[in-house]
Amino acid sequence: MNFKLAVIPGDGIGPEIVDQAIKVLDKIGRKYDHKFEYNKLLAGGCAIDATGGPLPKETVEACKKSDAVILGAVGGLKWDTLPGHLRPERALLGLRGELGLFANLRPAVIYDELKDACPLKPEIIGDSVDIMVVRELTGGIYFGERGRREGSMGQEAYDTECYSVHEVERIAGIAFEIAKKRKSRVTNVDKANVLESSRLWREVVTNVSKDYPDVALEHLYVDNAAMQLIMRPGQFDVIVTSNMFGDILSDEASMITGSIGMLPSASLGEKSFGLYEPIHGSAPDIAGQDKANPIATILSIAMMLRYTFNLEAEAKNVEDAVNKVLKEGFRTGDIMSEGKTLVGTNLMGDLIAERI
Ligand code: NAD
């Protein structure tokens with residue numbers, strides 16, 4: 001099969017890590033007889049330097065014409081003093097909006113080989129932790145009506161949370177579909193004991209669950225979910241939640257793994273179109289030094305193969321290759337420990353590609 005990919009390397013370590021992901025994808029292409037065409041595009045700081053703005057129109061147009069988008073990372077010191085609307089990170093918000101990406105998927109996996117990096121005690125980690133947080137990305141309180149006004153006690157400010165049935169149905173649908181490909185458990189997280197928007201959210205998720213009789217559904221209040229993630233992370237499979245709760249819980253879930261250079265993410269829109277990127281930033285402190293861990297970006301490619309292209313065997317092949325390289329003891333600096341072999345960005349990419 002032929003796939004057209006928009007590739008946005010971005011700034012800092014972005015270009016180095018994206019190169020490794022392409023290396024791995026090319027190997028997948030050769031092995032499974034797929035052709036991946038890459039269209040390299042500007043966004044972030046490098047786009048500001050070249051065009052005066054963080055997200056050129058051509059980039060958006062080219063992304064819309066592609067089957068999926070791969071992004072490295074954007075931002076850096078050089079652009080930190082620019083006004084908000086001109087900052088490199090605006091490119092990320094712009095892309096999400098322009099591409100209609102309403103679902104954010106963030107896995108949090110604790111690898112056997114890297115259990116030492118996890119800040120939780122071994123007895124809490126248990127046998128395994130493999131969580132997928134599905135966060136609604138384009139609605140809720142971050143996009144609701146807001147403002148300031150004079151109240152009875154002086155100036156006050158307000159933000160509103162509003163969700164439509166349609167918005168909840170589509171994010172719940174994604175969560176249940178993903179759960180079918182995993183351990184068939186969905187935990188809905190809301191605050192239905194207090195918020196009306198959460199009560200509607202819970203009703204709709206419960207209704208959608210009727211189309212998925214083989215997937216178990218449970219509901220947790222967000223405060224309890226935040227505790228459970230620390231106390232018994234192994235109980236979770238897929239967590240589905242609103243924009244703000246997801247923002248907080250996905251960071252909490254990923255931090256319990258202890259390895260920021262290992263965590264991929266996906267943002268999905270209609271018809272499985274998606275943007276795939278590592279969760280970390282552009283790491284300007286190590287850019288251009290062959291020190292960056294490319295695994296988060298390589299695992300983002302695995303997510304792309306699974307969720308946009310429905311190529312499960314290929315996705316699994318990438319994940320197995322990453323596991324194999326870790327088992328063999330190869331480590332980049334960020335996940336290095338005693339007795340392991342230190343490798344650079346490039347060699348890590350080569351090793352993973354070789355094991356496909
Ligand atoms: P960061 O994630 O870039 O770096 C935090 C720390 O983790 C640094 O010490 C860095 O060296 C390390 N790190 C990150 N990724 C790594 C990797 N793959 N391998 C090894 N070590 C890695 O976060 P920051 O320092 O807060 O932000 C740096 C820049 O990135 C800022 O301009 C910020 O706005 C931007 N940023 C971009 C994105 C994105 O593009 N999605 C996300 C977060 C931050």
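The values are calculated or read from the model by the stated rules, or taken from the named source; none is laboratory data. Bear in mind the structure is a predicted one, so any value in this text is a computation, not a measurement. Using ideal geometry, Cβ is built from the backbone for each residue, glycine included, and neighbour counts are taken over all protein chains shown. For accessibility, only protein heavy atoms count, side chains too; no ligands or nucleic acids. Shrake-Rupley method; radii C 1.70, N 1.55, O 1.52, S 1.80 Å.
What is the stretch 119-256 by shape, rounded, prolate or oblate, if you read a ≥ b ≥ c off the alpha carbon gyration tensor as root eigenvalues and call it rounded for a/c under 1.5, prolate for a/b larger than b/c, and oblate otherwise? Here the stretch 119-256 falls in the oblate category.
Listed peptides 116-122, 286-292, 146-152 appear in the order 286-292, 116-122, 146-152 once ranked by packing, highest mean of other Cβ atoms within 10 Å at the front.
When only Cα pairs below 8 angstrom with a gap of at least 6 residues are kept, the stretch 232-321 shows a relative contact order of 24 percent. Residues in the chain average 45 Å² of solvent-accessible surface per residue, probe 1.4 Å, ligands and nucleic acids excluded.
Taking amide H positions as modeled 1.01 Å from N, with prolines and chain starts lacking one, the residues under 5 Å from residue 72 and 5 or more places away or on another chain are 8, 10. A straight Cα-to-Cα reach below 19 Å connects residue 210 with the lysines 180, 181, 183, residues fewer than 8 places away in its own chain not being considered. Applying the Karplus relation 6.51 cos²θ - 1.76 cosθ + 1.60 with θ = phi - 60° to the stretch 251-264 yields 3J(HN,Hα) values of 5, 4, 4, 6, 6, 5, 7, x, 9, 5, x, 10, 9, x Hz, where x marks Gly and Pro.
Computed as a quarter of the hull surface, the mean projected area of the alpha carbon convex hull for the stretch 2-109 stands at 7.8 nm². Spread over its residues, the convex hull of the C-alpha atoms of the chain is 153 Å³ per residue. Largest GNM mean-square fluctuation among 16, 218, 136, using the chain with Cα springs under 10 Å: 218. Nonpolar atom fraction for the stretch 119-256, defined as the carbon and sulfur part of the 1.4 Å probe accessible area, stands at 54 percent. Under a Gaussian network description of the chain, with springs only between Cα atoms under 10 Å, the residue in 83, 56, 264 that fluctuates furthest is 83.
Our summary gives the chain a relative contact order of 22 percent, counting only alpha carbon pairs under 8 angstrom and 6 or more residues apart. The alpha-carbon of residue 324 sits under 19 angstrom from the alpha-carbons of these lysines, leaving out residues fewer than 8 places away in its chain: 23, 27, 31, 115, 316, 340. Full extension of the segment from residue 142 to residue 158, taken as 0.36 nm per residue of separation minus the current Cα-Cα distance, would add 4.6 nm.
Considering only 336, 132, 304, the Gaussian network model of the chain with Cα springs below 10 Å gives its largest mean-square fluctuation to 336. The Cα atoms of the stretch 96-159 cover 56, 36, 14 Å along the three principal axes, with the biggest extent listed first.
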